[in-house]
Amino acid sequence: MTIHEGGRLRGCIGVIEPAESLGESVVRCAVSAALEDPRFPRVREEELPSLEIEISLLSKPQRIRPEEIEIGRHGLLITRGPHRGLLLPQVAVEHNLSRERFLEETCRKAGLPLDAWKDSGARISSFTCEILTETQSHSR
C-alpha cells in the first residue's frame, strides 16, 4: 500500500507473504502506511482529501540473475541473513535507476552494504506487480 500526497510519497507499508485475505491485508496495510511508516508523521484527518492511494499486488518472487532484471517490469527483493529489502518496479522508473543502482538501492532498503547483492550469500528475487489506483490499474 502506497500513499501519495501531491505526487510525493507519504507512506508505504506492505506484506510479501500474506497471512490473511487480500481484503484484510489491504485494510491493515492502509492503516499501517497512514499511521506507522517510521519515515513520515501520522496522516492527519485534514490531509485525507488530498491523498492518493496505490495498491501493488505482487506476483510470487522468483530467483533472478542480475543481468535478467528488466527495469520497469521487475521489482526486487534482496535477502541476506535476517536482512530483507524490497523495491517495487515503479521505483526504478520513477527515479531513473540503472539495473546496478536498483540493486544497490534495494540493498540499502535492506540495511545492507550497497554491493551486498554481489555476495554469494545474498538472494536476489524479482516479481511483477498489478497496480491499482483510484483512477486506473495496470501491470508492471
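Put simply, of Ser56, Ser50, Ser98, Ser125 the only residue that is hydroxyl-bearing (Ser, Thr, Tyr) and touching an Asp or Glu at 6+ places or on another chain (Cβ under 7 Å) is Ser50. Looking only at residues of the range 19-31 that are small (Gly, Ala, Ser) and loosely packed, with under 12 Cβ neighbours inside 10 Å, we find that the one that is nearest to Ser120 (Cα to Cα) is Ala19. So, in the range 36-59, how many residues would count as being among the aliphatic types (A, V, I, L, M) and under 16 Å from Gly14 (Cα atoms)? Count: 4.
For the range 95-136: of the residues being at pLDDT below 90 and open to solvent by 70 Å² or more (accessible area, probe 1.4 Å), which is nearest to Glu5 (Cα to Cα)? Only one residue tops the list, namely Glu134. Among the residues of the range 8-21, those identified as under 20 Å from Gln90 (Cβ atoms) and over 13 Å from the mean Cα position of the chain (by Cα) are Arg8, Arg10. Which one is farthest from Glu5 (Cα to Cα) among residues in the range 32-54 that are surrounded by fewer than 14 Cβ atoms within 10 Å (Cβ to Cβ) and of a type in the set (A, V, I, L, M)? Here the residue is Leu35.
All of Glu130, Glu134, Glu100, Glu105 fail the test of being more than 19 Å from Gly11 (Cβ to Cβ), touching a strand residue (DSSP E or B) at 6+ places or on another chain (Cβ under 7 Å) and of a type in the set (Asp, Glu), apart from Glu130. Residues in the range 55-78 that are assigned to a strand (DSSP E or B) and surrounded by 19 or more Cβ atoms within 10 Å (Cβ to Cβ): Ile55, Ser56, Leu58, Gly75, Leu76, Leu77, Ile78.
The values are calculated or read from the model by the stated rules, or taken from the named source; none is laboratory data. Since this is a predicted model, take the numbers as computed values, not measurements. Every residue, glycine among them, receives a Cβ derived from its backbone with ideal geometry; neighbour counts consider all protein chains shown. These area figures cover heavy atoms from the full protein model, side chains too; ligands, DNA and RNA do not enter into them. Shrake-Rupley method; radii C 1.70, N 1.55, O 1.52, S 1.80 Å.
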